[in-house]
Amino acid sequence: MTAGMPRPGRAARSTDATIRRALAGDAARLTRLVRTSRAYEGPYAPMVQGYRIGPDYIETHRVFVAADLGTDRVLGFYALLLDPPELDLMFVADEAQGRGIGRLLIGHLREEARSAGLSGVRIVSHPPAEGFYRSVGAEPVGTVRANPPAVLWDRPELLLRTG
């Protein structure tokens, strides 16, 4: 875990949140978080329209939730794929932006990846999120070209080292 980050399952002092494994019952909340994200307004909206995170996805992948300690309200989540190592999804609730939830999730992701024997994790970033990923140490390695009709814009490709 990166310096200053709590151990998985423990509260982060500045965020009043804990990281836990997502449960099948979280699927609707995670889907709602993706579909209502302000990061995907305007030209990015088609990317998440109709997007669904189902219980099967949660059971198949390493999906972790940042939840409010008092209410278990979902503040954000990420999904780590192991083969090949990639951050598949990462979202922070609009109302939780700026509270350190993203950094908490990245710290947990690094620990999960290290525990799985991974030296790095590929991130194909939503263009507006590139600055965040760079701020947590991800290094640019290329560009993933648009793939219409699914994705209409080029996306930065980064590598987040786990060491």
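Values for this structure:
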{"quantity": "Residue under evaluation residue 31, criteria (1) assigned to a helix (DSSP H, G or I); (2) loosely packed, with under 13 Cβ neighbours inside 10 Å, criterion not met", "calculated": "(2)"}
{"quantity": "All strands (runs of 3 or more DSSP E) inside region 80-163 with 2 or more residues being within 12 Å of the chain's Cα centre (by Cα)", "calculated": "85-92, 120-124"}
{"quantity": "Selected residue [under 16 Å from residue 26 (Cβ atoms) and crowded, with 17+ Cβ neighbours inside 10 Å] from 104, 109, 89", "calculated": "89"}
{"quantity": "Close pairs from region 29-43: first more than 15 Å from residue 95 (Cβ to Cβ), partner open to solvent by 50 Å² or more (accessible area, probe 1.4 Å) and of a type in the set (A, V, I, L, M, F, W, C), Cβ under 7 Å, at least 6 apart", "calculated": "40/47"}
{"quantity": "Subset of region 119-157 (residues that are open to solvent by less than 70 Å² (accessible area, probe 1.4 Å) and under 14 Å from residue 84 (Cβ atoms))", "calculated": "120, 121, 123, 124, 144, 157"}
{"quantity": "Near pairs, Cβ below 9 angstrom, 6+ apart or cross-chain, from region 141-163 (in contact (Cβ under 8 Å) with a residue 40 or more places away in the chain and farther than 26 Å from residue 117 by Cα) to any residue that is surrounded by 12 or more Cβ atoms within 10 Å (Cβ to Cβ) and small (Gly, Ala, Ser)", "calculated": "152/146; 153/146"}
{"quantity": "Residues of region 18-44 classified as basic (Lys, Arg) and touching a helix residue (DSSP H, G or I) at 6+ places or on another chain (Cβ under 8 Å), total", "calculated": "2"}
{"quantity": "Any hit, region 63-82, residues being under 18 Å from residue 19 (Cβ atoms), touching a strand residue (DSSP E or B) at 6+ places or on another chain (Cβ under 7 Å) and in contact (Cβ under 8 Å) with a residue 60 or more places away in the chain", "calculated": "yes"}
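The values are calculated or read from the model by the stated rules, or taken from the named source; none is laboratory data. Predicted model, so just to flag it, every value in this text is computed and none were measured. When we count neighbours, we look across all protein chains shown, and the Cβ atoms used for this are built from the backbone with ideal geometry, even at glycine. What goes into the accessible areas is simple: the full protein's heavy atoms, side chains included, and nothing from ligands, DNA or RNA. Shrake-Rupley method; radii C 1.70, N 1.55, O 1.52, S 1.80 Å.
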